[in-house]
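Enquirer: Please read through the structure below; I'll follow up with questions.
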Amino acid sequence: MFFQTQPLDFIPFKKTKKPMTFRFETTILPEWIDYNGQMRDSYFGLVFSFAVDALQDEIGFDESYRQRTGCTIYLIEDHKYYLREVKQGAVVRVETQVLEYPLVS
């Protein structure tokens, strides 16, 4: 399937008055732990991916929407900063903020 898109600099965006914040929490599973007793770096991406899934569900891009429309959102780029070790059984929280969104008609 081919989609024709505009460059983002031609799409008007609206800044939110106050950032919309979405929170996701999960517990670190034993299979995510490496030989040093810390969460493997690749599993940080998995946790962030689960957070995006939860965000989609909360804003209405849930499974029924995806089935009905064939549409979803896709992550193009992310940045991770490792600030401390994460151990098995720890509860981690991902906070996602929407700062602006495209105005579509």
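Enquirer: On a straight-distance basis, which aspartates and glutamates could pair with residue 80 in a cross-link, Cα separation under 15 angstrom, same-chain partners fewer than 8 positions away excluded?
Expert: Hits, sequence-local ones excluded: 41, 95.
Enquirer: How far apart, in nanometres, would the label points at residue 82 and residue 17 be if each is projected 7 angstrom from Cα along the Cα-to-Cβ direction?
Expert: With each label placed 7 Å out from Cα toward Cβ, I get 4.2 nm.
Read the figures in this text as sums done on the coordinates, not as results from a lab. Note that the structure is predicted; figures quoted are calculated from it, not measured. In this analysis, Cβ positions are derived from the backbone assuming ideal geometry, glycine residues included, and neighbour counts consider all displayed protein chains.
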